[in-house]
Amino acid sequence: MTCYTSPLEPAVQSQLQGREEFLWLNPSYDSSAAPQDPLFDIATVRRRLERSAPLLVRLFPELKSCNGLIRSPLIALDALAQRLQFSSEDGAWLMKCDHALPVAGSVKARGGFNEVLAFAEDLACQHKIVQDQSDLSALADPEARKLFSDFTVSVGSTGNLGLSIGLIAAALGFRSIVHMSADAKDWKKRRLRLHGIEVVEHAGDYAEAVAAGRAAAESNAKAYFVDDENSAQLFLGYAAAAMELFTQLKEANVIVDEKHPLFVYLPCGVGGAPGGITYGLKQLFGGHVHCFFAEPTESPCMLVQLSSGNTHPISVYDVGLKNRTEADGLAVAQASQLVARVVSKLVSGCYTVRDDSLFKLRYLLSEYEEIEIEPSAAAGILGPFMLLRTKAGQEYLKTWGIEGNMRNATHVVWSTGGALVPPEEQQRFHAIGRALWDRS
Ligand SMILES: *Cc1c(COP(=O)(O)O)cnc(C)c1O
């Protein structure tokens, strides 16, 4: 007997409880909503990341070949699409390869780097080490390092955000602390410690690690806490990816307009990365881009938050789920309230993916495209299936009058992490995926 009334619709509640893979369409989606919050100034962030390029080459010699620009390739996924029985009638498949972002190896790179660089620049400006808006390479000078060594930069994370924040903070000379949840993978902790980053392990989930980090930083005037649940600078750094995709689509002669819809499938944890990217894409493409968030069946925190009506915080525990998933990058029980508010009219819908599907899709991507990612990052691959092969997806296409344009459509599957995963871990993922695939 349940003693509480769920704020979710019974049909949604029952699909969640059954751990079904399903697409939830956002009734608040407004195709004409234009995100123009003056709080979120993406142009300033893009300029900061560009001004940081010479600095990043000094800090990370491996960035020489890309001139210090944190960018990822956009590639075709023809072989995988074909293997999954999609044809040219269904549109073209592309993958935005953020798993290959340099240094941090995940979608967290732009957000994390932007926030730490903004903090470092502020400090350096106050101490007259750099001028406002100048090239930031002086942040690697001994004078700046000495200044930074007095400050601590900390963060709570299931892993990848810790790697992004920790690596850039340590490279700049900050003391760096990463608070990690129980689901954080051992290799991520080892990698952090190898770079002189302090790892504090917590027995609880992601939200508890964030809360512990926040509390520890509050008692220290020289501590800066990167707050994954509330940070505008992280969100903005993620949003900078939109312009990158815009330019890449243009260079590839991909048209996006009324008759050529663009669909983007984004793995979602707390919501910052997919939310920021969606915000940026909506500014550039308006109603011609359709963004869907992908979440594990055990941790669909944004689906739960938005489908509850989005008036009060609600977690996946509140609807009887456990937040237990192999997709450590997505193992978040409670969505960011900031992001849920900002994307409430911008995101077209959310869908759920089972862990075994993540492993199978990761395996197929490796077999057919020779791309190695982490399980979390495979969540986007189920997107075209959800849109084109489910009743809810068909309904979406009808509602927005685009069902006749699908042969002109572009599907962008956002791959969010994997480059730093050790080879033996990748082999383990591969074996699990192959066994599951062979059995199905
Ligand atoms: C963090 C992460 C995401 C999602 O980002 P959020 O800001 O937590 O929503 C997706 N994939 C991977 C691999 C990640 O590490």
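The values are calculated or read from the model by the stated rules, or taken from the named source; none is laboratory data. Remember, predicted model here, so these are calculated numbers, not experimental data. Don't worry about glycine lacking a Cβ; one is built from the backbone with ideal geometry, like all the others, and counts go over all protein chains shown.
See the values below:
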quantity	calculated
Subset of region 156-179 [of a type in the set (Val, Ile, Thr) and within 14 Å of the ligand (Cβ to nearest atom)]	THR158, ILE165, VAL178
Test: ALA216 is closer than 26 Å to TYR317 by Cα, within 16 Å of the ligand (Cβ to nearest atom), at pLDDT below 95 and surrounded by fewer than 21 Cβ atoms within 10 Å (Cβ to Cβ)	no
Tally of residues being within 16 Å of the ligand (Cβ to nearest atom) and free of Cβ contacts under 8 Å to residues at least 24 places away in the same chain across region 362-377	0
Any hit, region 376-391, residues being more than 22 Å from the chain's Cα centre (by Cα), within 18 Å of PHE292 (Cα to Cα) and of a type in the set (D, E, K, R)	yes
Some residue of region 51-71 being surrounded by 17 or more Cβ atoms within 10 Å (Cβ to Cβ), within 21 Å of the chain's Cα centre (by Cα) and assigned to a helix (DSSP H, G or I)	no
Output for region 139-184, where each listed residue is among the charged types (D, E, K, R), touching a residue at least 40 places away in the same chain (Cβ under 8 Å) and farther than 22 Å from ALA221 by Cα	ASP183
Lone unmet requirement of (1) closer than 25 Å to GLY112 by Cα; (2) aliphatic (A, V, I, L, M); (3) more than 13 Å from the ligand (Cβ to nearest atom) for VAL289	(1)
Selection count where residues are on the phi < 0 side of the Ramachandran plot and either touching an Asp or Glu at 6+ places or on another chain (Cβ under 7 Å) or surrounded by 14 or more Cβ atoms within 10 Å (Cβ to Cβ) (or both), scope region 72-92	13
Hey, GLU121 of a type outside the set (S, T, N, Q), assigned to a helix (DSSP H, G or I), crowded, with 20+ Cβ neighbours inside 10 Å and away from the ligand (no atom under 16 Å from the Cβ) or not	yes
Helices (runs of 4 or more DSSP H) wholly inside region 229-309 that include at least 2 residues being surrounded by fewer than 24 Cβ atoms within 10 Å (Cβ to Cβ)	232-239, 241-251, 272-285
First in region 268-293 and farther than 17 Å from VAL256 by Cβ, second anywhere and assigned to a strand (DSSP E or B) and aromatic (Phe, Trp, Tyr), Cβ under 6 Å, 6 or more apart	CYS268/PHE293; PRO274/PHE293
Flag for ALA241 being free of Cβ contacts under 8 Å to residues at least 24 places away in the same chain and either aliphatic (A, V, I, L, M) or within 23 Å of TYR351 (Cβ to Cβ) (or both)	no
Selection from region 74-118 of residues that are away from the ligand (no atom under 14 Å from the Cβ) and either assigned to a strand (DSSP E or B) or among the basic types (Lys, Arg) (or both)	LEU74, ILE75, ALA76, ARG83, ALA92, TRP93, LEU94
Criterion: more than 13 Å from the ligand (Cβ to nearest atom) and of a type outside the set (D, E, K, R) - qualifying residue of GLY237, GLY276, GLY309	GLY309
Criterion violated by ILE197 - all others in (1) of a type in the set (A, V, I, L, M); (2) over 25 Å from THR278 (Cα atoms); (3) surrounded by fewer than 23 Cβ atoms within 10 Å (Cβ to Cβ) satisfied	(3)
Breaking point among (1) under 27 Å from MET180 (Cα atoms); (2) in a helix (DSSP H, G or I); (3) within 14 Å of the ligand (Cβ to nearest atom), for THR325	(2)
Qualifying residue in region 333-349 (condition: outside any helix (DSSP H, G or I), away from the ligand (no atom under 11 Å from the Cβ) and free of Cβ contacts under 8 Å to residues at least 12 places away in the same chain)	no
Which numbered condition LEU77 fails, given (1) farther than 14 Å from ALA241 by Cβ; (2) within 22 Å of the chain's Cα centre (by Cα); (3) at pLDDT below 95	(3)
Residue within region 363-370 that is surrounded by fewer than 23 Cβ atoms within 10 Å (Cβ to Cβ), outside any helix (DSSP H, G or I) and in contact with an Asp or Glu (Cβ under 9 Å, 6 or more places away or on another chain) present	no
